[in-house]
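Let me begin by presenting the structure, written as structure tokens, before commenting on it.
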Amino acid sequence: MSDLTVDVAVVGAGPAGLAAAVAAAEAGAVVAVVDAGTQTGGQFWRHRPETGDADPDGHGHHDWNTFLDLRRRFRAGIAAGRVHHLPGLQVWMASKNDVDGFTLRTTRTVVGGEGVTPTVHAARLVLCPGGYDRQLPVPGWDLPGVMAAGGIQAFIKANGALPGKRFVVAGTGPFLLPVAANIAEAGGEVLAVLESSSLSKWFPHWKAAASVPGKALEGAEYAGIFARHRIPYKTRSIVTAVSGTDRVQTVSWAKADADGRAIPGTGGRYEDVDVIGFGWGFTPQMELPLSFGVQTRLDADGSLVAVVDERQESSVPGLFLAGEVTGVGGAVLAVLEGKAAGTAAADASAVVLPADVLPAKEAARRDRHRRFAQAMHQAHPVPHAWQEWLTPETLVCRCEEVPVSEVTQARSTLGAEDSRSLKSFTRVGMGWCQGRVCGFAGSCLGAGPGEPAAAASLASAAKRPLAVPVPISELASLND
Amino acid sequence: MSRASDVLVIGAGVIGAATAYFAARAGLSVTLVDQGLPASGTSSACEGNILVSDKELGPELELTRYSLSVWKGELAEHRHLWEFEAKGGIIVASQPSSLESLNRVMSVQRGFGVAVEELDPAALRKAEPHINPAALGGAYYPEDSQVQPMLVAAQLVRLATEAGAVFHAGVTVTGMMRDGDRVTGVRTSRGDFAAGNVVNCTGTWAGEIGALAGVNVPVMPRRGFVMVTEPLPPMVHHKVYAAEYIDNVGSSDAGLQASPVVEGTPGGTILIGSTRERVGFDRTVSTEALRRLAQNATGLFPFLSSVRAIRHYHGFRPYCPDHLPVIGHDDRAPGLWHAAGHEGAGIGLSVGTGKLLSQALTGQATDVDLTPFAPARFGALDPTPMEASR
Amino acid sequence: MSSVDRDVRFTFDGRELAAEPGQTVGAALVTNGVTAWRGTRKEGRPRGLFCGIGVCFDCLVTVDGVANQRACLVELCEGMDVRGTLAGDETEETR
């Protein structure tokens with residue numbers, strides 16, 4: 001593959017990236033799309049290899065027709081020579097050029113293959129890297145069989161199989177519902193969905209919730225699936241420990257008070273559990289936006305996200321962002337943001353007005369979904385007292401195997417109150433995943449019991465000068 | 001609240017932490033301030049080297065050996081706190097000419113009491129089985145050691161406070177308190193701190209602090225990139241570098257210089273250094289630096305070519321035009337002291353520097369003559385605009 | 001859904017196994033009852049799939065001699081030699 005120079009480069013081919021690429025191409029721009037996956041869809045529309053099933057029916061997916069429509073237009077863009085699809089590649093460094101434009105340096109998602117990976121030069125850049133399940137440590141969460149809730153869903157969607165027979169799904173947020181539904185529909189047994197929040201937390205936000213009728217329909221659909229498969233949905237309930245010798249066997253749970261503290265004498269145990277899936281909302285994949293030094297803010301869910309204007313442009317001119325990195329809000333919102341970003345990025349004059357990037361009706365829809373997302377974040381917070389679940393032995397950093405005791409000691413004796421000093425003193429976030437999994441929890445632990453993670457601490461945990469691991473042989477043959 | 005102390009130390013990097021520790025241990029009342037948390041500057045962006053092997057003969061080698069004696073002597077009881085490891089250094093020669101230079105350096109160093117062993121190709125491969133088979137030979141320095149630099153700074157701050165020092169994080173020095181010529185304390189973002197002596201341990205910022213007192217302290221930043229690999233089983237057992245590294249350390253060339261420095265760590269990762277370039281405080285990632293690091297490292301250890309890098313970082317080494325640190329009392333501004341400009345050797349030299357300063361601050365004769373490091377060598381009273389600091 | 005043809009054959013630590021075409025190496029292992037294959041560096045504790053989408057690097061595995069591949073991302077191919085690091089790791093040392 002040789003290097004590419006295009007008008008607009010898009011990173012990611014999930015809901016936001018696909019919509020951005022299609023919008024930019026249809027507005028006349030030449031577009032390159034770099035995506036870690038081997039086929040479009042991202043995590044949300046992840047599906048079985050098209051090589052085996054060219055036309056999957058989208059069972060278990062939402063807005064599948066939106067995907068089919070975007071994919072059709074994306075392919076039309078490829079056929080017209082306006083879209084260059086670069087699948088199976090990850091961007092390890094994105095940079096702004098001295099004069100103008102951007103450069104993306106890529107490496108293969110999976111090692112192997114012949115030839116040099118392409119470098120992409122683009123006048124404007126749209127980053128749609130998405131997010132992943134946010135995790136909170138819990139005693140025993142490093143046992144095999146503990147998975148991210150989204151990981152279970154990805155397993156089912158990509159492989160058409162289940163990673164076990166008996167499941168528990170726990171954490172907080174509406175996303176736990178489709179995960180449990182997917183498991184049940186695929187033939188798995190869901191012993192319980194444990195939701196830490198109380199559904200009454202939605203009451204103050206009923207207006208925002210009611211303004212997105214689609215979400216109510218989804219809710220009704222899940223209610224049907226839960227009833228059909230007799231899935232217990234327990235609110236104000238948390239997992240207190242996962243145990244087993246070399247894999248998950250037992251999940252202990254308890255009812256929680258308003259702060260998320262386990263109430264003694266409540267709850268019970270689930271035995272012979274194969275897989276427990278945890279999800280505490282989502283963490284936006286921030287390393288590429290942060291590498292440009294974009295302006296950021298703390299969102300209502302406590303995540304660090306980038307600030308964008310109505311046209312999805314970041315504080316860095318020419319750099320557009322869409323999807324979870326501008327605030328976790330789901331696929332419908334991501335598609336609308338992607339469309340706005342792609343349309344704006346296609347315009348070389350950079351004078352395109354907000355009204356031109358999204359028709360009024362869609363802009364209103366986007367705003368409704370943003371309000372819904374805010375309501376969702378407030379109704380499903382990370383429990384205030386979550387740090388009280390931990391034992392001294394509970395691992396904070398799975399990669400470097402750093403227990404809670406070392407983190408609290410570094411905080412109390414060495415004044416390590418941010419993720420940066422915790423990382424240096426204890427190696428939290430130093431390992432393979434570079435703090436992707438433990439960055440949020442580490443930042444909270446640095447802030448102290450009951451304290452939210454500070455923006456600076458989250459930024460430092462998400463700063464990754466190499467966005468993904470890259471073979472040294474590729475660095476040795478780097479072009480300027 | 002009375003905030004007058006015998007000594008006020010500015011900067012809680014390794015140099016300031018060591019200075020505060022030894023001053024407090026010497027019975028002085030000590031206040032330590034930093035604009036951030038401990039080790040927020042160069043101390044957090046280096047490799048933690050305590051090297052004898054790369055030192056030129058003269059005052060720096062003397063300071064190095066003194067500092068090593070402090071690390072291994074009175075600080076030995078704390079070695080586990082900062083992961084002190086005498087891993088040993090190996091210099092590898094790949095060209096006949098560099099082998100010749102290396103042999104010459106070795107014989108001179110031996111004359112000054114440096115422990116060094118010659119390695120023939122077979123011995124080299126025994127010490128480092130994955131070294132490039134084309135290597136011609138090397139030199140082994142058993143005294144070369146390693147510490148975790150951020151832990152050094154943080155633990156020395158903790159030990160200093162146990163010895164009575166008071167540490168204030170998040171305090172930015174904005175000016176000097178004066179009584180005539182004499183510096184009598186500092187003005188800060190959190191009010192004034194009076195002190196009998198003020199010690200400037202601010203690394204690459206030392207020039208700016210000097211300027212607040214009207215003295216020229218020409219410490220400049222020199223950028224260095226370090227690359228970190230994926231965690232692996234032990235593959236590189238020493239700090240291994242190429243003979244050309246020695247020339248780079250002492251160079252004043254502004255352009256990018258890179259020579260291979262490769263070492264394994266207890267965490268399983270391999271650190272790949274190092275570049276040196278004078279680009280001010282530019283934080284832009286340099287693709288040229290990454291390429292040179294990668295090429296040089298695979299030249300030394302070919303297996304690295306299929307290994308992946310998982311991060312890189314860069315730091316700004318503080319250096320003076322004559323490549324010697326500035327340590328001691330500043331006669332141009334009585335009451336003001338400096339300990340800065342240790343370039344890439346600050347971690348290794350920190351404890352020796354702190355100990356010597358505590359001797360000078362208490363009016364004792366110092367174990368090592370500080371004259372070569374005297375601030376007055378920079379002459380001019382007025383700070384001249386510094387070329388590389390912006 | 002396990003009734004579909006299990007026609008991709010591969011070996012795991014020398015054991016002959018089979019899985020559905022189009023699955024990832026991680027899925028092929030898990031559906032064969034192998035829930036852990038990586039031993040952690042410090043404690044040698046067992047790990048398998050966690051995030052499932054290439055973020056956490058917990059599921060690292062050696063595939064055809066190339067160490068530290070994310071099992072959740074590598075698509076299974078006929079005849080693959082898959083090795084874990086749980087018991088007696090030799091693969092990484094010889095890379």
- [ ] Please work out the Cα convex hull volume for segment C:8-87 and give it in Å³ per residue.
- [x] 79 Å³
Task: Computed over segment C:8-87: relative contact order in percent, which uses C-alpha pairs under 8 Å that are six or more apart - done: 38 percent
TODO: Could you tell me how many degrees, from 0 to 90 and to the nearest 10, lie between the Cα long axis of helix A:360-379 and the main elongation axis, the longest principal axis, of the Cα atoms of chain A?
DONE: 20 degrees
- [ ] Taking just the C-alpha trace of segment A:94-191, give me its Rg and Dmax in Å.
- [x] 19.4, 58
Task: Among B:286, B:40, B:358: highest mean-square fluctuation, GNM of chain B, C-alpha pairs under 10 Å - done: B:286
Open item on the list: Output the 0 to 90 degree angle, nearest 10, between the alpha-carbon long axis of helix A:331-346 and the longest principal axis computed from the alpha carbons of chain A.
Closed with: 20 degrees
Open item on the list: Explain nothing, just the number: relative contact order of chain B, from Cα pairs under 8 Å at least 6 residues apart, as a whole percent.
Closed with: 24 percent
- [ ] Go ahead and estimate [θ] at 222 nm for chain A from helices alone: -39,500 (n - 2.57) per DSSP H run with n ≥ 4, summed, over the residue count, rounded to 500.
- [x] -9500 deg cm²/dmol
- [ ] Mind listing the long-range amide H neighbours of residue A:83? Cut-off is under 5 Å, sequence gap 5 or more, other chains count too, H placed in the peptide plane at 1.01 Å from N.
- [x] A:31, A:78
- [ ] For A:215, B:126, give the ranking by accessible area with the largest first, probe 1.4 Å.
- [x] B:126, A:215
TODO: Above 38 angstrom, tally the Cα pairs of chain A and express them as a % of all pairs, no decimals.
DONE: 23 percent
Task: Residue-averaged [θ]222 nm for chain B, counting only DSSP H segments that reach four residues, each worth -39500 (n - 2.57) - done: -8500 deg cm²/dmol
TODO: Take chain B, connect every pair of alpha-carbon atoms lying under 10 Å apart with a spring to form a Gaussian network, then pick out the residue of B:109, B:364, B:148 with the largest mean-square fluctuation.
DONE: B:364
Open item on the list: Just to confirm a number: summing +1 for Lys and Arg and -1 for Asp and Glu over residues other than residue A:111 whose beta-carbon lies under 11 angstrom from that of residue A:111, what do you get?
Closed with: +1
Task: Contact order normalised by residue count of chain A, Cα under 8 Å, 6+ apart, percent - done: 18 percent
Task: List B:112, A:425, ordered by accessible area with a 1.4 Å probe, largest first - done: B:112, A:425
Open item on the list: Which log10 I(q)/I(0) values does the protein assembly as shown give at q = 0.05, 0.08, 0.09 Å⁻¹ under the Debye formula, counting every alpha carbon as one identical point scatterer?
Closed with: -0.32, -0.81, -1.01
Task: Distant alpha-carbon pairs in segment B:107-203 (separation over 23 angstrom), percent - done: 59 percent
Open item on the list: Under the rule of at least 5 residues apart or a separate chain, name every residue whose amide H is placed under 5 Å from the amide H of residue B:143.
Closed with: B:89
Task: Kirkwood Rh, Cα atoms: Rg over Rh of segment A:390-462 - done: 0.91
Open item on the list: To make sure I understand the rule: partners must be aspartates and glutamates, Cα under 12 Å from the Cα of residue B:87, and not fewer than 8 residues away in the same chain. Which ones qualify?
Closed with: B:143, B:144, B:263
TODO: Would you count, across chain A, every pair of lysines whose alpha carbons are under 30 angstrom apart, provided the pair is eight or more residues apart or spans two chains?
DONE: 27
- [ ] Quick one: P(r) of chain B from all Cα-Cα pairs, 20 Å bins, percents rounded to integers, in order of increasing distance.
- [x] 29, 56, 14, 0
Open item on the list: What does DSSP give for the protein assembly as shown in terms of the percent of beta bridges that are antiparallel, rounded to the nearest 5?
Closed with: 60 percent
- [ ] Please compute the Cα-Cα pair-distance distribution of segment B:254-390 with 10 Å bins starting at 0, giving whole percents from short to long.
- [x] 10, 31, 27, 20, 10, 1
TODO: Please list B:172, C:35 in order of solvent-accessible area, largest first, computed with a 1.4 Å probe with all protein chains present.
DONE: B:172, C:35
- [ ] Give me the orientation-averaged projected area of the Cα convex hull of segment A:135-278, in nm², one decimal.
- [x] 8.9 nm²
Open item on the list: Taking amide H atoms as placed 1.01 Å from N in the peptide plane, list the residues 5 or more away in sequence, or in a different chain, whose amide H sits under 5 Å from that of residue B:137.
Closed with: B:93
- [ ] Enter the angle in degrees (range 0 to 90, nearest 10) between the Cα long axis of helix A:404-414 and the first principal axis of the Cα atoms of chain A, meaning the one along which they spread out most.
- [x] 80 degrees
TODO: Taking every pair of Cα atoms in segment B:3-107, average 1/r, invert it to obtain the Kirkwood radius, and report Rg/Rh to two decimals.
DONE: 1.08
Open item on the list: Need one value: the accessible area of residue A:147 in square angstrom, 1.4 angstrom probe, rounded to the nearest 10.
Closed with: 10 Å²
Task: Efficiency of FRET between residue B:284 and residue A:349 - r from beta-carbon atoms, R0 30 angstrom, step 0.05 - done: 0.60
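The values are calculated or read from the model by the stated rules, or taken from the named source; none is laboratory data. Since we're looking at a predicted model, the values are computed, not measured. Neighbour counts are summed over all protein chains in view; Cβ atoms, including those assigned to glycine, are modelled from backbone coordinates with ideal geometry. Just so you know, the surface numbers come from the protein's heavy atoms only, side chains and all, with ligands and any DNA or RNA stripped out. Shrake-Rupley method; radii C 1.70, N 1.55, O 1.52, S 1.80 Å.
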